[in-house]
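Participant: Take this structure, written in structure tokens, and hold onto it; I'll ask about it next.
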Amino acid sequence: MGWSGDINVFSHTAMYISNANPFLKRHLLAMRDVQTPAGKFTDIAPVGGDFGGVLWGSAGIVVPWQLYLQYHDVASLEEHYDAMVKYIDYLTTTINKETGYSSDGLLGDWPGPQNNKLGSAFLVTAYHIYDLTNMMEVAKILGKTSDADRFSKLHDERKSFFNSRFVNVDLKTMGLAGGIIFKGPTLPVELKPADTQTSYAVGLALNAFNEENKPYMIANLAETVRRKNVDDAGVQRGEYSLMTGFIGTVWINKVLSDYGYHDISYELLQIQSVSFLVIRHRPGSNDRMGATTVWERLNGYTVENRFGGNNSMNSFNHYSFGAVGQWMIAYSLGIQRDERSPGFKLFTLQPLHDPTGQMTYAKGYCDSMYGKISSEWKMDKGVLMYKATVPPNTTATLYLPALSASLVKEGGKMISGKNHNIHFLKYEKGEALYELTSGSYEFSSTWT
């Protein structure tokens, strides 16, 4: 079944690991086929259903925008634009004039360990802001100036509301616990402290927090990962345990790396408690489940608790938690899109080695419209070995970690002005920056 919430969070990864454009264009057609007269995108396409709300329906905004960034697919934006506008107009009608909350959606951070503590209202508001951000850009691209202005005004209103309601005087996040659906004027609006990984990761990733609050939210996110947390069942989870569900997981590693917490990103990936790798098998270890697929629930089955009461809805072949794949390709490997030039005509290579030293190499690629972009790094006794391939008719900006630009070599030789494929730009913040044209490269950089 085509669950919109799932593809909403996974579309970033899907496009990095496959040519998802034809499939997702077809799926957008299915979403339009079952869009309600009021403009709501249903939870499932082409079947229907309407209880998920904004976090599911936002796929109708997120997927076409991702298609544009990954494939420079302007045609999909044009084809889908009227449906996108209709959805934004629908979301406007769900805002309760008395309280400012949306009436659309029960499901929150499915199935996050602290979903009930945060509730859905925080996430619904953040994704409404994100939808409007994307629509502002889409309208500009398509020359819809008046629409862009209207979306900008709505965006600023929702962002102001978000920061006034969901950030308290202690500069911690607040939530409406329990995932309440708001339907009438006499609504329960008593906010309670949330202070969860998902709240900070989503708020930061979707640019919902204002500039004044951001520094505190970043520090709070790091703290929620480093510390022990209590889940909705009252069980204490260990330090560096992943406490996010479908909605939070897609963003947490990205945000941590965006703000320089690379060590925490790698710890989350590899920690022995509740993490992305806990369901995988390590030879000689008893704390792995031996999974060969990604599960809907990271604790879908454990030796201690068996199925844990999850039998009624417990998929063992589910892709949503695999959304960390986008971070692995775009951050660990460093293959990042340049939004100024969608479709990888211009792109960034910014390999991010593991500062904790647990992961010593990474290797992979992304098939772009121009050809394969490969990236591979290895740490060896303080030297970073880096290989990359830049496809024909493209240009990459390389950010290579180095103690000094003078300590960087390519092909075993110092980089000189005679190398027309490599243009040195500058050295700053521990990275040597180069412009690379088409070709294959082998760099070495003294790092420690």
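Participant: Could you tell me which numbered condition D109 fails, if it satisfies all but one of (1) surrounded by 19 or more Cβ atoms within 10 Å (Cβ to Cβ); (2) part of a helix (DSSP H, G or I)?
Facilitator: Among (1) surrounded by 19 or more Cβ atoms within 10 Å (Cβ to Cβ); (2) part of a helix (DSSP H, G or I), the lone unmet condition for D109 is (2).
Participant: Return the only residue of P64, P46, P37 being assigned to a loop (DSSP other than H, G, I, E, B) and either buried (at least 20 other Cβ atoms within 10 Å of the Cβ) or at pLDDT 95 or above (or both). Give the derivation first.
Facilitator: Working: P64 fails: assigned to a loop (DSSP other than H, G, I, E, B); P46 fails: either buried (at least 20 other Cβ atoms within 10 Å of the Cβ) or at pLDDT 95 or above (or both).
Checking each option against the conditions leaves just P37.
Participant: If you don't mind, there's one more thing I want to ask. So for the range 73-81 (the condition being modelled with pLDDT of 95 or more, in a loop (DSSP other than H, G, I, E, B) and touching an Asp or Glu at 6+ places or on another chain (Cβ under 7 Å)), does at least one residue qualify?
Facilitator: Initially, the range 73-81 is screened for residues modelled with pLDDT of 95 or more, giving 73-81.
Narrowing further to those that are in a loop (DSSP other than H, G, I, E, B): 73.
Add one more test, that the residue is touching an Asp or Glu at 6+ places or on another chain (Cβ under 7 Å), and what stays is none.
Scanning the range 73-81, I find no residue that is modelled with pLDDT of 95 or more, in a loop (DSSP other than H, G, I, E, B) and touching an Asp or Glu at 6+ places or on another chain (Cβ under 7 Å), so the answer is no.
Participant: Applying the selection to the range 418-430, what residues are surrounded by fewer than 16 Cβ atoms within 10 Å (Cβ to Cβ), under 30 Å from the mean Cα position of the chain (by Cα) and either over 11 Å from Y399 (Cβ atoms) or not basic (K, R) (or both)?
Facilitator: L425, E428, G430
Participant: Another one. Quick one: W377 ticks every box in (1) more than 26 Å from Q70 (Cβ to Cβ); (2) touching a helix residue (DSSP H, G or I) at 6+ places or on another chain (Cβ under 9 Å); (3) of a type outside the set (K, R) except a single one, so which number is it?
Facilitator: (1)
Participant: Can you go through E410, E435, E442 and tell me which one is acidic (D, E) and either modelled with pLDDT under 95 or more than 29 Å from L69 (Cα to Cα) (or both)? Give the steps one after another, and end with the answer.
Facilitator: Details: E435 fails: either modelled with pLDDT under 95 or more than 29 Å from L69 (Cα to Cα) (or both); E442 fails: either modelled with pLDDT under 95 or more than 29 Å from L69 (Cα to Cα) (or both).
Going through E410, E435, E442 in turn, the sole match is E410.
Participant: May I pose another question? Report whether or not F321 is under 25 Å from G245 (Cα atoms) and surrounded by 20 or more Cβ atoms within 10 Å (Cβ to Cβ).
Facilitator: On the way: under 25 Å from G245 (Cα atoms): yes; surrounded by 20 or more Cβ atoms within 10 Å (Cβ to Cβ): yes.
Yes; evaluated as a whole, the condition is true for this residue.
Participant: For the range 403-428, enumerate the residues that are within 29 Å of I17 (Cα to Cα) and in contact (Cβ under 8 Å) with a residue 24 or more places away in the chain. Quick ask: steps written out before the conclusion?
Facilitator: At the first step, the residues of the range 403-428 found to be within 29 Å of I17 (Cα to Cα) are 410-411, 421-422.
Once the filter is applied, which keeps residues that are within 29 Å of I17 (Cα to Cα) and in contact (Cβ under 8 Å) with a residue 24 or more places away in the chain, the range 403-428 yields E410, G411.
The values are calculated or read from the model by the stated rules, or taken from the named source; none is laboratory data. Values in this document were obtained by computation on a predicted structure and should not be read as measured data. Neighbour counts run over all protein chains shown; Cβ positions are idealised from the backbone, glycine included.
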